[in-house]
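Notes follow the structure.
Nothing in this text is a laboratory measurement; each read-out follows from the coordinates by a stated rule. Note that the structure is a prediction, hence the values are computed from the model and not measured. Backbone-built Cβ (ideal geometry, glycine too); neighbour counts: all protein chains shown.
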Amino acid sequence: MRLVTLGVGAAASPRYAAAGLLVARGGVRVMLDGGPGAEPAGRLDAWLVTDERAELRSQLRRLAAERGLRPHAGSFQRGELQIDARPVVHTSHPTFGYRIEAPEGTVVWAPEFLEFPRWAHGAGLMFAHIGRPTIRAIDRGERPAFGEFARDGQVFRVTGRR
């Protein structure tokens, strides 16, 4: 499974495209979030979002419509790739993260939350907390206590081998 960060910022960030992740496995391609400057080239099978009321919703609708898709919060399954929308505590309206499962392993996409989602436990890789406070920390040169700050266009491969 191949995962590509196509943005690592928050909406309206002056330096980083909005957080987005392209999930690719066996010819299947699914975009999670993103927006202008953080959209994949080529064909997509689905475009899933964590927040259907997000600031970028009109831009996401346009970008997805160009590919014959409708961005929505929901689940997707094709072959052995399963992407499930899971609720997160974040704002006053429903928002989601995604648990991505394939034989190679489990990955979580939960770019913003107030409480760590219990359903994320056990994942081999997690993309999390991409918001304005994180961007300010990057600008100050801070490093996370664990893990790493991803870069736009960074490729992650989950092979199931250790």
In the stretch 2-157, if the dipole is taken from +1 on Lys/Arg beta carbons and -1 on Asp/Glu beta carbons about the Cα centre, which of Gly105, Gly34, Pro133 is farthest to the positive end?
Gly34
About the Cα centre, and with charges only on the beta carbon of Lys, Arg (+1) and Asp, Glu (-1), how big is the dipole of the stretch 1-126? Nearest 20 debye, please.
280
Two pseudo-spin positions, 7 Å from Cα along C-beta at Glu142 and at Glu55, lie apart in nanometres by 1.9
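Taking every DSSP beta bridge with both residues inside the stretch 84-145, roughly what % is antiparallel (nearest 5)? Could you put the intermediate results ahead of the total?
Numbers: 10 of 14 bridges.
Percent antiparallel among DSSP bridges in the stretch 84-145 is about 70.
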Give the peptides 120-127, 19-26 in descending order of average Cβ contacts within 10 Å, highest first.
19-26, 120-127
With a sphere of radius 12 Å drawn around the Cβ of Pro94, what net charge do the other residues whose Cβ falls strictly inside it have (Lys, Arg +1; Asp, Glu -1)?
0
Taking K and R as +1 and D and E as -1, what net charge do the other residues with C-beta under 11 Å from the C-beta of Arg78 add up to?
0
Starting from the Cα of His121, move 7 Å in the Cα-to-Cβ direction to define the label point; list residues of the stretch 76-91 whose amide nitrogen is under 18 Å from there.
86-89
Net charge (Lys, Arg +1; Asp, Glu -1) of residues whose beta-carbon lies under 12 Å from that of Gly20, Gly20 excluded, is -3
